[in-house]
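What follows is one structure encoded as structure tokens, with my remarks underneath.
Nothing in this text is a laboratory measurement; each read-out follows from the coordinates by a stated rule. Nothing here was measured: the structure is a model prediction, and the numbers come from that model. We place every Cβ from the backbone using ideal geometry, glycine too, and count neighbours over all the protein chains shown.
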Amino acid sequence: MNQDRRRQAEEFLQPDEQLIAVCACEPGPGVPSPPEDLLAPPEPAALGRRIEEKLPRPLQHFFRARAHDERRDEQGADRRPDPADGKGMEGGWQSAAGRYLIGRANARGSATDVLVVTDRRWFALTDVSPVWQSTPAMKLFWEVPRSAVTVVRANAAGLHAKGRMDIEFADLSWVAVAALTPAEAPAFAAAAARYR
């Protein structure tokens with residue numbers, strides 16, 4: 001387990017929670033991106049917030065109402081991933097796998113995630129620091145109880161499958177992730193299985 005990743009995960013542990021395994025990963029091949037209409041609008045930059053605060057109150061309300069339009073939330077709520085995207089996910093956007101990918105996209109972090117399993121839960125972190133900042137600023141974008149993940153399969157065979165792990169959820173959906181260091185995938189999957 002990479003010591004930097006371990007330290008990042010430890011910052012998000014709850015009192016008396018035991019860290020079991022950590023793995024740096026990214027979405028696997030064929031994993032679709034959530035449609036824009038399912039994502040929350042991006043938070044305005046600090047400059048944008050300062051400008052908005054200077055606007056008259058009616059204009060502030062207008063811009064906030066446009067930023068969160070409930071019709072956008074309803075349009076694609078049950079939309080299934082496009083099969084043309086490949087086979088990196090199974091389940092609709094309301095499934096556990098879909099919620100994982102939507103949470104990841106909404107975090108708007110780096111391409112690399114930190115997947116964490118503890119004695120109580122699974123969670124994932126991403127670095128949301130600006131490009132010019134050398135110290136990572138980790139943000140928790142997904143968490144579920146241990147019972148929500150039924151199995152993690154490490155598929156270390158084949159040219160394109162090295163480091164691939166399929167995370168299977170209790171609702172029968174699944175999503176593929178790829179360990180940044182392929183050799184870590186089997187160890188991470190084995191550690192997660194040992195503590196079921």
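Summary of computed values
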item	result
Net charge of neighbours whose Cβ lies under 14 Å from the Cβ of Met138, counting Lys and Arg as +1 and Asp and Glu as -1	0
Under-5 Å amide H pairs with Arg121, H placed in peptide plane, nonlocal only	Arg146
Local net charge near Phe169, Cβ-Cβ under 10 Å (Lys/Arg +1, Asp/Glu -1)	-2
Net +/- balance of residues flanking Pro27 in space, Cβ distance below 9 Å, scoring K and R +1, D and E -1	-1
Modelled FRET efficiency - R0 25 Å, Ala148 with Gln3, Cβ distances, 0.05 increments	0.35
Using a Förster distance of 35 Å, the FRET efficiency for Glu26-Glu53 (Cβ separation, nearest 0.05)	0.45
